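Read-outs throughout are calculated quantities, based only on the coordinates presented, and are distinct from any laboratory measurement. Keep in mind the model is a prediction, meaning the values are calculated, not measured. Don't worry about glycine lacking a Cβ; one is built from the backbone with ideal geometry, like all the others, and counts go over all protein chains shown.
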Amino acid sequence: MDDLNATLEPGMLVMHPDRPDWGTGQVQSNIGGRITVNFREEGKVVIDGSRVTLVPVFE
């Protein structure tokens with residue numbers, strides 16, 4: 001589950017699969033499975049990569 005999250009790097013764009021209302025987020029950091037993402041509509045959120053698999057966005 002966190003294999004995909006492990007490939008996320010700062011600057012990449014992602015969506016939260018359960019919170020589409022947050023909009024597109026930009027990965028700020030990915031350290032030890034804790035992924036900090038700055039979402040357009042929600043602001044900065046720290047996500048537990050072992051519980052949520054973020055969806056990469058390619059624009």
> With each run of n ≥ 4 DSSP H residues scored as -39500 (n - 2.57), what mean residue ellipticity at 222 nm is computed for the chain after dividing by its residue count and rounding to the nearest 500 deg cm²/dmol?
Replying inline: -1500 deg cm²/dmol
> Which label marks the calculated value of Kirkwood radius over Cα pairs in Å, given the options (i) 13.9; (ii) 11.2; (iii) 10.9?
Replying inline: (iii)
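What is the order of VAL45, VAL27, fewest Cβ neighbours within 10 Å to most?
VAL45, VAL27
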> Once amide H atoms are built 1.01 Å from N in the peptide plane, which residues 5 or more positions from VAL57, or in another chain, come under 5 Å H to H?
Replying inline: LEU13, VAL14, MET15
